Amino acid sequence: MPVLVVSGTGTEIGKTVVTSAIAAAAVAAGRSVAVLKPAQTGVDAEEPGDAAEAVRLAGPAVTALELARYPEPLAPDTAARRSGLATVAPAAVAEAAARLAAEHDLVLVEGAGGLLVRFDEDGHTLADAARLLAAPVLVVAPAGLGTLNSTALTAEALRARGVSPFGVVIGSWPAAPGLAARCNLADLPEVSGMPLLGAVPEGSGALAPAAFRTTAPSWLAPRLHGTWSAESFLTAWPA
């Protein structure tokens, strides 16, 4: 798995923190890691973007690369059009990821918003870049009500495009989960056909970087270089 694409069922659901946690866990396991952000939106030129945040949380050993930046918090294609800047084509994403993969054990490609957000004027999406790379896609999903439908739709869209779903991680597990969140632990794998590979506690991005790096492996399953167990988590949070 030299390249893993990280997408989600929507925006503001914890993709960057999950990406950072995977990077931290992989570094702790002795892997060299790069984080690629094809299109950063909603961030001014002088502000740190998501790739820089991954380095801050996971550590300076992580390589960060951003291909394009647009100031307005919109879909990349819309943001590019409004700003008069060039869009990012899937081939450019695939080429950049392949270059990073030649020098790193793991490349994490973090998308913008959900899977089918438009990246360019031709309607290409992150799924097109994943297909070019023959890379699996990890889906980040929210914990609560509504996530079963959006996660199942994302998995279906991946399979329809010939892209392999790698698994699902809950991007922000609440400190006091309600009934829907607890039921979703068992239901998410069933409705999506993807294994549940972790649950990142809410507020984890606010941890001090040292604490984040130490704790990150406990949020993720062994397939993501962690120690988390779905079975143990289900037992800890019964429906």
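Since every read-out is calculated from the coordinates, none of them should be taken as a lab result. All figures in this text were calculated on a predicted structure; none of them were measured in a lab. Cβ: placed from backbone, ideal geometry, glycine included. Neighbour counts: every protein chain shown.
Structure values in brief
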{"item": "Sequence-distant residues sharing a close amide H with residue 42 (under 5 Å, placed H)", "result": "70, 72, 74"}
{"item": "J(HN,Hα) series, region 19-34, from Karplus relation 6.51 cos²θ - 1.76 cosθ + 1.60, nearest Hz, glycine and proline x", "result": "4, 5, 5, 4, 4, 5, 5, 5, 4, 4, 7, x, 8, 8, 10, 10"}
{"item": "Interchain or long-range residues, amide H under 5 Å from residue 117's placed H", "result": "126"}
{"item": "Region 61-71 - phi-based ³J(HN,Hα) in whole Hz, Karplus 6.51/-1.76/1.60, Gly and Pro as x", "result": "5, 7, 8, 10, 9, 10, 8, 8, 9, 10, x"}
{"item": "Cut-off under 5 Å, modelled amide H: who pairs with residue 64 long-range", "result": "35"}
{"item": "Antiparallel bridges, percent of DSSP beta bridges restricted to the chain (to nearest 5)", "result": "5 percent"}
{"item": "Per DSSP, loop GluC sites (Glu not before Pro) in region 57-118 with at most 13 further Cβ within 10 Å", "result": "103"}
{"item": "Charge dipole (the chain, unit charges on Cβ, about Cα centre) - positive-most of 229, 88, 200", "result": "229"}
{"item": "Distance from region 48-86 to region 96-112 (C-alpha centre basis), Å", "result": "15 Å"}
{"item": "Dimensionless Rg over Rh [region 146-239; C-alpha; Kirkwood]", "result": "0.98"}
{"item": "Kirkwood hydrodynamic radius of the chain, from inverse mean 1/r over distinct Cα pairs, in Å", "result": "17.6 Å"}
{"item": "Region 134-149 - phi-based ³J(HN,Hα) in whole Hz, Karplus 6.51/-1.76/1.60, Gly and Pro as x", "result": "6, 9, x, 10, 8, 9, 9, 10, x, 8, x, 4, x, 6, 5, 5"}
{"item": "At R0 = 35 Å, FRET efficiency that the Cβ-Cβ distance of residue 161 and residue 85 yields, to 0.05", "result": "0.85"}
